[in-house]
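I have placed the structure first, in the form of structure tokens, so that the comments after it can refer back to it.
The values are calculated or read from the model by the stated rules, or taken from the named source; none is laboratory data. Predicted model, so just to flag it, every value in this text is computed and none were measured. Methodologically, a virtual Cβ is constructed for each residue, glycine included, from the backbone with ideal geometry; neighbour enumeration extends over all protein chains shown. For the accessible areas, the whole protein counts, side chains as well, though only heavy atoms, and no ligand, DNA or RNA atoms are used. Shrake-Rupley method; radii C 1.70, N 1.55, O 1.52, S 1.80 Å.
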Amino acid sequence: MQDVPNTLKAYKTYIDGQWCDAASGKTFQTFDPYTGEPWALIPECDAADVDRACNAAYRAFESGPWASMTQTARGRMLRRIASLVEKHAEHLARIEVQDNGKLISEMSAQLKYLPEWYYYFGGLADKITGAVVPVDKPDTFTYTLREPAGVCGLIIPWNSPLLLVGWKLAPALAAGCTVVIKPSEYTSASLLEFMKLVIEEAGVPPGVVNVVTGYGATAGEALVTHPKVAKIAFTGGSATGSRVASLAAASFKKVSLELGGKSPNIVFDDCVLDDAVNGAISGIFAATGQTCVAGSRLLVQESIHDAFVEKLLATARTAKLGNPMSFETQVGPVTTPPQYQKVLSYIDVAKGEGARCVLGGGAAGPEMGGGKYFVQPTVFTGVDNRMRIAQEEVFGPVLSVIRFKDEEDAIRIANDVIYGLAAGVWTQSVKRATIMPRRIRAGTVWVNTYRAVSFTMPFGGFKSSGVGRENGQDAIGEYLETKSVWISTAASAGNPFVMKTSPQS
Ligand code: NAD
């Protein structure tokens, strides 16, 4: 990393323990979404760099210090990584805000929490065990080994870059894998800073963690199709995830996918109103709606619909737009220009479909505290669940309010989308709080809270929201292969022409 006087900060990427430019020498600019100005140059890696990174990761996996490191020592290294993230959390948070425009209050809290993933999976590193398995054949000793899957390609979106790297990197390293990370082309800088301040500083051996910065169609696809990669862990949009899964299938790679959502936030008439209003607001306006778990469909029981919407609007109207670097700001810019256009076009779609715009409904210029890529917090009522605004992921501060009659109606509407990432339920009834999570087809259901995550709780999607789970003990299984070992202690090898299926053969 070096500062280019009077111009942009020029980053290098990190492959095989070396700081380097892309082989082609090409770079691209990264932008501050608040000012709309470029602030850094990032190497534009392509297939040649991906090949170098995957070969380095493969060598590090097969031989060298990482391959021979004990599981306990790996755990210790993860804990070193954790304490370095702790040390640099504030700096890393500021870089993320500069690159993705999310609020400093959110990114700062996220980065301070992130070390827990490395502590937790560091603790699990030497608790990965196989089993001695009794089989129905005499004179046989059989056991299983749980081995690292190999080189893993980690593909990351722009909305919470280092958190989503951590969800993959911590279990991958705990399992003993080596990795090649491709960050989003919009938010590469925080990962490169992390590599310098954390991975290099922690003494992670060369080749164990590599980064290829670049575009999805070039660097991303080269990673997904590289023959030395055994597993792809992807977070991003569902359409991209589908392409990634089909490319990976050609070489039978293991794949886990964390994709999009259209999550229902369901408000029953017996809820604590103030809590539910807060939950609805934090579900859609926090992070400018750019979160996979955004509660973008607000299902409100018809008996309280009008009163609830009024209360919601009263709070939503007070949202303070502004510089995401200020702790006072409540709604920041949309991260990328294409995303900004997409959000505005969905607002037009909703208006065209006949939904009633009761708040916002357009761009937010400087006179509203906004700027180049700001969208007003927007609320539509009178939304029918079959409308596109209720079916498709907007990934912006746009809320669709949908009425429902009773529990059955709420469940029908909640499940009537292709997604199944998350849901919220607001009720004081124990019965509803128990039944609703069972009936909703989603990987996470929050009752009387929203957007809570933990390193110990599995996270992932049903249906088009994903495959596999991150976080929690099971996440480590995504980075392991099971091997069965059979040792015969019999006096004779038996009949060579018969498969050993029965105790006698
Ligand atoms: P995206 O799908 O456009 O990009 C994600 C990553 O994939 C980027 O690094 C991109 O460069 C790469 N990529 C793009 N095309 C590729 C290809 N053909 N082959 C390989 N890699 C490719 O997503 P985004 O716009 O960066 O992020 C927003 C999306 O991510 C939203 O849909 C959101 O819901 C989803 N998301 C999901 C979760 C979750 O945990 N379920 C978390 C955050 C974001």
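Among the residues making up the range 438-472, those that are farther than 23 Å from S256 by Cβ and either within 17 Å of the chain's Cα centre (by Cα) or not in a strand (DSSP E or B) (or both) are R438, R439, N448, T449, Y450. Each residue in the range 225-257 was checked for being of a type in the set (S, T, N, Q) and within 14 Å of the chain's Cα centre (by Cα), and 4 of them qualify. Restricting attention to the range 83-109, the residues that are closer than 22 Å to P171 by Cα and surrounded by fewer than 22 Cβ atoms within 10 Å (Cβ to Cβ) add up to 7. Filtering the range 228-252 down to residues that are assigned to a strand (DSSP E or B) and among the small types (G, A, S), which residue is farthest from the ligand (Cβ to nearest atom)? My answer is A230. Total residues in the range 207-227 satisfying the condition of being near the ligand (Cβ under 10 Å from one of its atoms), surrounded by fewer than 22 Cβ atoms within 10 Å (Cβ to Cβ) and in a loop (DSSP other than H, G, I, E, B): the figure is 1. Taking the conditions (1) more than 16 Å from the ligand (Cβ to nearest atom); (2) in a loop (DSSP other than H, G, I, E, B) in turn, E408 satisfies each one other than (2). Residues that are among the charged types (D, E, K, R) and in contact (Cβ under 8 Å) with a residue 60 or more places away in the chain within the range 408-465 comprise R432, R451, listed in sequence order. Taken together, G279, G360 contain a single residue that is in the same structural domain as K372 (by TED's automatic domain parsing), at positive phi and away from the ligand (no atom under 16 Å from the Cβ), which is G360.
The rows are residues; the columns are (1) over 19 Å from the mean Cα position of the chain (by Cα); (2) surrounded by 20 or more Cβ atoms within 10 Å (Cβ to Cβ).
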| site | (1), (2) |
| --- | --- |
| G122 | yes, yes |
| P134 | yes, no |
| R146 | yes, no |
| G176 | yes, yes |
| I181 | no, yes |
| A189 | no, yes |
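Please find, among T13, T7, the residue that is touching a Pro at 6+ places or on another chain (Cβ under 6 Å) and of a type in the set (S, T, N, Q).
Going through T13, T7 in turn, the sole match is T13.
Looking only at the range 403-426, residues that are open to solvent by 50 Å² or more (accessible area, probe 1.4 Å) and over 18 Å from G382 (Cα atoms) come to 3 in all. P437 passes every criterion in (1) over 22 Å from E392 (Cα atoms); (2) not assigned by TED's automatic domain parsing to the domain that holds R297 apart from (2).
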